[in-house]
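Following: one structure in structure tokens, then a few remarks.
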Amino acid sequence: MNMRPRRPEPPRVDITPLIDVVFLMLIFFMVSTTFDKQSQLKVDLPSAEAVEQKSPQPDRIEVTIDARGHFYVNEQELVSHDAATLRRALEKIADGHLDIPVIVTGDRKAPLQAMVTVMDVAAQLGMSKLSVTASGSSDSKTRP
């Protein structure tokens, strides 16, 4: 008679049910994504003569300041050259979109107050994307 203790077999993890579940989930997701494409309705819209065309939203607002300190917004001179008029013009062009970049171009001889006014009005409106352009070449004399 053999009295040695028998070693039990190590436990085995059967992953067959796990593979079945994953396979069924894969099939479910593949089938459910095709439903989305098939459920779209195809509608042939009627035509109309008087269709309101929306003006495209500008990708930027350009403010130019001339040597006298007069403001031009998108190459159109403002009626009055004060902060209130500039504010109304920026609000009208931005139309509630405060993420439009404002590019300020000023003449070399433009008063500094005009530049500060443009930056102040843009900040009051919440327009944070503000940049100032300058020419790349320098006309001034360089000092050693």
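All conditions but one from (1) part of a loop (DSSP other than H, G, I, E, B); (2) among the hydrophobic types (A, V, I, L, M, F, W, C); (3) modelled with pLDDT of 85 or more apply to Leu98; the one that does not is (3).
Only one of the numbered conditions (1) of a type outside the set (Phe, Trp, Tyr); (2) at pLDDT below 75; (3) touching a strand residue (DSSP E or B) at 6+ places or on another chain (Cβ under 8 Å) is not met by Lys42, and that is (3). Going by the conditions given, is Ala48 loosely packed, with under 14 Cβ neighbours inside 10 Å and modelled with pLDDT of 85 or more? Here the answer is no, as Ala48 does not meet what is asked.
The values are calculated or read from the model by the stated rules, or taken from the named source; none is laboratory data. Just so it is clear, the model here is predicted, and its values are computed rather than measured. Don't worry about glycine lacking a Cβ; one is built from the backbone with ideal geometry, like all the others, and counts go over all protein chains shown.
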